[in-house]
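The values are calculated or read from the model by the stated rules, or taken from the named source; none is laboratory data. Computed from a prediction, not measured in an experiment: that's the story for all the values here. Here the Cβ is made from the backbone with ideal geometry for all residues, glycine too, and neighbour counts use every protein chain on show. The protein model used for the area step is the full one, side chains on, heavy atoms only, and it has no ligands, DNA or RNA in it. Shrake-Rupley method; radii C 1.70, N 1.55, O 1.52, S 1.80 Å.
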Amino acid sequence: RRLKKDVSRGIYMSGSATLVRALLADALIDEFHLCMYPFIRGSGPRLFVDGAPSSKWSLAVSETYDNGVLYLKYVTT
């Protein structure tokens with residue numbers, strides 16, 4: 001919480017679902033920037049797990065790339 005308060009611009013983090021879950025649990029995330037790839041895995045670790053605290057998000061930006069990847073930006077509401 002202190003780091004978020006002291007930093008004048010955003011903090012960017014990439015690639016750690018475990019850290020994202022911990023930050024979500026403490027309500028320390030304001031935005032999600034997600035790239036969704038057209039691939040179905042079917043099993044394995046999930047970013048949003050059952051039993052996690054609920055929160056509301058709004059889609060702020062979406063872009064579709066030629067290779068089928070979707071860029072999605074969600075912000076807290």
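Name the residues in the stretch 43-55 that are open to solvent by 60 Å² or more (accessible area, probe 1.4 Å) and either of a type outside the set (D, E, K, R) or modelled with pLDDT of 90 or more (or both), would you? It would help to see each step written out before you state the result.
In the first step, residues of the stretch 43-55 are kept if they are open to solvent by 60 Å² or more (accessible area, probe 1.4 Å); the result is 43, 45-46, 48-51, 53-55.
Ser43, Pro45, Phe48, Val49, Gly51, Pro53, Ser54, Ser55 - these are the residues of the stretch 43-55 that are open to solvent by 60 Å² or more (accessible area, probe 1.4 Å) and either of a type outside the set (D, E, K, R) or modelled with pLDDT of 90 or more (or both).
Going by the conditions given, is Arg9 among the basic types (Lys, Arg), touching a residue at least 12 places away in the same chain (Cβ under 8 Å), closer than 21 Å to Thr77 by Cα and not in a strand (DSSP E or B)?
no
Of everything in the stretch 1-40, what is open to solvent by 80 Å² or more (accessible area, probe 1.4 Å), among the hydroxyl-bearing types (Ser, Thr, Tyr) and modelled with pLDDT of 80 or more? Give them in sequence order.
Thr18, Tyr37
In the stretch 61-77, which residue that is closer than 28 Å to Asp26 by Cβ and open to solvent by 60 Å² or more (accessible area, probe 1.4 Å) is modelled with the lowest pLDDT? Don't jump to the end; show me each part of the working.
Pass one, the stretch 61-77, residues closer than 28 Å to Asp26 by Cβ: 61-62, 70-77.
Next, only the ones that are open to solvent by 60 Å² or more (accessible area, probe 1.4 Å) stay: 62, 70, 74, 76-77.
Working: Ser62: 97, Leu70: 96, Tyr74: 94, Thr76: 89, Thr77: 85.
Out of the qualifying residues, it is Thr77.
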